[in-house]
1. Return the subset of K81/K114; K58/K86; K58/K81; K90/K114; K6/K90 for which the Cα-Cα distance in this structure is over 22 Å, preserving the input order.
2. Provide the packing ranking of 20-32, 45-57, i.e. peptides ordered by the mean count of other C-beta atoms within 10 Å per residue, highest first.
3. At 0.36 nm per residue, minus the direct Cα-Cα distance, what do K81 and E116 gain on full extension? Give it in nm, one decimal, please.
Amino acid sequence: MIGELKELFKDTELVEKIKRKLPYMFFLAELEMSKGGRVGMEVGTIREQIIVALLIHKFGRDNIGIPNINSADFDLQLFGKPLSIKTVSKRIPRKIQRLSGSGIKLIWTVDWEKVEEFVKNYSPNSELILIEVVWGETGGFLLYTS
């Protein structure tokens with residue numbers, strides 16, 4: 001586990017800033033990536049950049065490594081260790097969302113053979129930060145460790 005990540009959650013001043021500002025920043029990202037009233041999937045890249053900026057603010061640029069865009073299973077290195085960032089925003093409460101079965105994509109492909117192979121062989125290789133914004137409800141900023 002990346003022990004320094006615990007500091008992010010213990011910094012009460014930063015936690016309050018995240019609670020106030022992150023939903024607004026995600027809202028702006030959705031506005032920027034909307035066409036015809038629909039949000040494009042590229043909004044995930046903008047959200048990820050917002051979280052990377054937060055991590056740089058907290059831990060310093062020297063402690064963040066951005067891998068090649070084709071890097072599998074993680075989005076950056078924090079203190080030399082892999083970290084994956086997943087974001088999602090929803091317009092309906094979680095209890096309804098769970099019933100609908102929609103979730104977070106771990107692989108982007110239309111090749112069903114690759115999907116089946118991925119599901120059979122998937123084992124996380126990094127820590128995971130999951131940010132969930134539920135418009136009009138309570139979301140979450142969560143850390144999953146391997």
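1. Working: K81/K114 27 Å; K58/K86 19 Å; K58/K81 16 Å; K90/K114 27 Å; K6/K90 26 Å.
Exceeds cut-off: K81/K114; K90/K114; K6/K90.
2. On the way: 20-32: 14.8, 45-57: 16.9.
Taking the mean over residues of other Cβ atoms within 10 Å, the ranking is 45-57, 20-32.
3. Values: separation 35, 0.36 × 35 = 12.60 nm, distance 2.78 nm.
Value of the extension gain: 9.8 nm.
Each value in this text was obtained by applying a stated rule to the coordinates, not by laboratory testing. The model shown is predicted, which means the values in this text are computed figures rather than measured ones. As a convention, Cβ positions derive from the backbone with ideal geometry for all residues, glycine included, and neighbour counts pool all protein chains shown.
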